[in-house]
Each structure stands twice: as C-alpha cells, then as structure tokens.
Amino acid sequence: MLIRAIALSVSLAILLLPLAAQAADYRFVDRGDTYYLDHLFENQLVVVLGKENGWVKVRYLNGAVEWVAPNRLMTQSQSRANDTAEQVVGTGVFLLALYCLANPAACSDSPSTR
C-alpha cells in the first residue's frame with residue numbers, strides 16, 4: 001500500500017510538472033525586467049541587473065544580489081501556477097502522511113495479518 005501511495009504522489013507531481021516547468025527564455029531577459037524567482041512555496045520578486053555566460057544577475061526587494069540560472073525566473077502568471085502546483089503536491093503528501101500515521105498497517109509493505 002505504501003508503494004502505491006508513493007507512486008500516486010509521484011504521479012501527481014509529474015502531472016503538475018508542466019505547470020511548474022515554465023521559465024524565462026534567456027535570450028529575452030533584459031536589464032530592468034522584473035521576474036519571480038522560483039523558491040519552494042513562495043516565489044520572490046526580483047529585478048534583472050544583467051546577464052552573462054548563461055547566468056542572470058538579479059536583485060531581491062531586500063537589496064540582496066545573486067547570480068541565478070534563467071530557468072528559475074518566471075512571469076507573475078507562471079509564478080502563480082508554480083505555487084499552486086507546489087501547494088497541491090504538498091497538500092497531497094501531508095494528507096498521505098496523516099493517513100499513514102492514523103493507519104500504519106495500511107501504509108506498511110508487509111502482508112496484512114487481518
């Protein structure tokens with residue numbers, strides 16, 4: 001049962017991956033553009049300061065500066081879709097964990113002794 005539950009969680013994550021896999025195209029990223037930087041459950045708004053050798057230099061709202069891979073940059077709508085996908089998967093994993101805590105035998109890989 002546990003194997004089935006894990007497989008279901010992984011399948012859900014794979015199905016939602018296209019929502020989360022959208023990213024900025026490096027060719028069109030320009031100085032002064034604003035994007036959302038992919039962080040788990042909460043993407044952060046950043047401003048592009050420049051780009052070099054396939055990397056993008058960004059500044060966070062708090063003033064911190066960092067070089068990031070362009071595949072972590074998303075538009076606002078992509079950021080919302082990404083956050084929603086992460087929340088759905090997170091909720092599914094949380095509910096599965098609760099179920100297994102309440103029903104350990106159902107989540108065990110050993111044969112049932114009913």
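Among the residues of the range 63-75, which ones are out of contact with any strand residue (DSSP E or B) (no Cβ under 8 Å at 6 or more places or on another chain) and at pLDDT 95 or above?
Result: G63, A64.
Quick one: in the range 53-78, which of the residues that are touching a residue at least 24 places away in the same chain (Cβ under 8 Å) and assigned to a loop (DSSP other than H, G, I, E, B) is farthest from N43 (Cα to Cα)?
Selected residue: G54.
Scanning the range 22-53 for residues that are touching a strand residue (DSSP E or B) at 6+ places or on another chain (Cβ under 9 Å) and of a type in the set (F, W, Y), which turns out modelled with the highest pLDDT? Quick ask: steps written out before the conclusion?
So in the range 22-53, the residues touching a strand residue (DSSP E or B) at 6+ places or on another chain (Cβ under 9 Å) come out as 22-24, 26, 29-38, 43-52.
Pick out the ones that are also of a type in the set (F, W, Y) and you get 26, 35-36.
Working: Y26: 88, Y35: 92, Y36: 86.
The residue in question is Y35.
Would you please name the residue that is modelled with the highest pLDDT, looking only at residues in the range 79-114 that are in a loop (DSSP other than H, G, I, E, B) and among the aliphatic types (A, V, I, L, M)?
Let us first name the residues in the range 79-114 that are in a loop (DSSP other than H, G, I, E, B), namely 103-114.
Okay, now just the ones that are also among the aliphatic types (A, V, I, L, M), so 105-106.
Values: A105: 78, A106: 74.
Among those that are in a loop (DSSP other than H, G, I, E, B) and among the aliphatic types (A, V, I, L, M), it is A105.
Out of the residues in the range 85-101 that are touching a helix residue (DSSP H, G or I) at 6+ places or on another chain (Cβ under 7 Å) and β-branched (V, I, T), which is farthest from L73 (Cα to Cα)?
V93
Can you tell me which residue in the range 23-56 is farthest from the chain's Cα centre (by Cα), limited to those that are within 28 Å of Q87 (Cα to Cα) and charged (D, E, K, R)?
Checking each candidate, the answer is D33.
The values are calculated or read from the model by the stated rules, or taken from the named source; none is laboratory data. Being a predicted model, the structure only gives us computed values, none of them experimental. Don't worry about glycine lacking a Cβ; one is built from the backbone with ideal geometry, like all the others, and counts go over all protein chains shown.
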